[in-house]
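Worksheet for the structure shown next.
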Amino acid sequence: MSLALKHKLLRKPLDAASGWLQLQQVRHHAPICGPPRFPLSTGQRLIMGVGGLVLMMILPVWMIYQTPRWSALHNNRPYRDDEPPPADE
């Protein structure tokens, strides 16, 4: 795309009130970088900042600790929380 065509596409048509020498640039695209254009609440900031950390670090550790319980459950063996109390006779 030539430079002249880019300038033609990015410029607004002349307005009768603005005069024939004043052209204004307009933007027809979204900003590429920068802060969000809407304010975030504290809860939203916390979820966006810590949510990934929870998914990547805390959840796998919790799953590793649940593996013995899961294994006992799927092998039809009693797990220490599910064992019946000994019968006193």
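Those residues that are modelled with pLDDT under 70 and over 38 Å from the mean Cα position of the chain (by Cα), I need them from the range 1-15; list them, please.
The answer is 13, 14, 15.
Which residues, taken from the range 39-70, are among the small types (Gly, Ala, Ser) and in a helix (DSSP H, G or I)?
The answer is 43, 49, 51, 52.
Which of the residues spanning the range 43-56 are surrounded by 10 or more Cβ atoms within 10 Å (Cβ to Cβ) and of a type in the set (A, V, I, L, M)?
Answer for the range 43-56, where residues must be surrounded by 10 or more Cβ atoms within 10 Å (Cβ to Cβ) and of a type in the set (A, V, I, L, M): 46, 47, 48, 50, 53, 54, 55.
The values are calculated or read from the model by the stated rules, or taken from the named source; none is laboratory data. Note that the coordinates shown come from a computational prediction; the quantities given were computed from them, not determined experimentally. Here the Cβ is made from the backbone with ideal geometry for all residues, glycine too, and neighbour counts use every protein chain on show.
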